[in-house]
1. Along the Cα→Cβ direction, 7 angstrom out, place labels at Glu173 and Leu44. What is the inter-label distance in nm?
2. May I ask you to evaluate 6.51 cos²θ - 1.76 cosθ + 1.60, the Karplus curve with θ = phi - 60°, for each residue of region 40-53 and list the ³J(HN,Hα) values in order in whole Hz, giving x for glycine and proline?
3. Put one equal scatterer on each alpha carbon of region 105-174, apply the Debye formula with no solvent term, and list log10 I(q)/I(0) at q = 0.13, 0.16, 0.18 1/Å to two decimals.
4. Report, by chain and number, residues whose modeled amide H sits under 5 Å from the one on Lys48, excluding near sequence neighbours (fewer than 5 apart, same chain).
5. Pull out the extension gain between Gln79 and Lys111, defined as 0.36 nm times the separation in residues minus the alpha carbon to alpha carbon distance; nm, one decimal.
6. Using the Cα atoms of region 31-162, I'd like the radius of gyration and the largest Cα-Cα distance, Dmax, both in angstrom.
7. Which of the lysines could be linked to Lys63 by a straight reach, that is with a Cα gap under 26 Å, when you skip same-chain ones fewer than 8 residues away?
8. How many angstrom lie between the Cα centre of region 108-140 and the Cα centre of region 36-65?
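Values in this text are rule-based calculations from the coordinates and carry no lab data. All of these numbers come straight from a predicted model, not from anything done at the bench. Please note: Cβ atoms are built from the backbone with ideal geometry, for glycine as well, and neighbour counts cover all protein chains shown.
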Amino acid sequence: MIFTKMAKILVLATALALAGSSAFAVTAAEGAANLIKVGSDPILFNLKDIKGNDMVLQDQLGKKAILLVFWSLFCGPCQEELPLVDKLGKKYKEQGFNVWTVNLDGPQRGKAVDKFLTKNGYAFDVLWEKIEGTSYITADAYGIAGTPSVVMVGKNGKVTYAHVGNATEQDLEAAINEAIK
């Protein structure tokens with residue numbers, strides 16, 4: 001039987017939601033194996049945010065530290081981590097820190113994502129991942145194999161932290177303090 005892309009996504013999302021696992025079914029160790037390395041240059045991208053604005057990473061390099069959070073509505077651990085990400089984004093915003101979350105569900109889930117954000121009062125930016133066929137263009141370039149995954153790009157323009165799975169508040173705060181220097 002031939003499934004459409006949407007049917008495949010729904011089947012995968014349902015299976016993952018039932019399993020209570022991340023959007024990509026891998027262990028943290030497996031996910032970290034291909035994740036972009038600390039000290040490397042970030043992969044530059046231009047993604048649309050949920051309002052249709054261009055979000056260009058290159059424009060932020062050397063000016064702000066950016067926490068990239070790769071997530072999905074269907075990822076339980078993502079929903080657990082987003083309140084912390086939002087809290088830290090608000091706390092460090094005035095020190096040159098921004099949170100850009102990259103939603104892997106695609107703009108066809110726009111209403112559901114918007115409802116989720118509004119319900120929770122999140123202030124971070126949400127960018128739509130570019131999906132071509134079965135490829136997640138930005139996530140694949142960063143080596144994302146599990147969600148949530150976070151990548152910190154410091155004011156120095158380098159990757160200063162990368163983690164697959166839920167990060168602790170202590171680890172994220174330490175990473176933010178390093179990135180905003």
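1. Those two pseudo-labels are separated by 3.6 nm.
2. 7, 6, x, 7, 6, 8, 9, 10, 7, 8, 5, 9, x, 7
3. Summing over Cα pairs of region 105-174 leads to -0.50, -0.76, -0.95.
4. Long-range HN contacts for Lys48: Met55, Trp128.
5. 9.8 nm
6. Just the Cα atoms of region 31-162 yield Rg and Dmax of 13.7, 39 Å.
7. The qualifying lysines are Lys37, Lys48, Lys51, Lys87, Lys90, Lys91, Lys93, Lys130, Lys155, Lys158, Lys181.
8. Their Cα centres are 15 Å away from one another.
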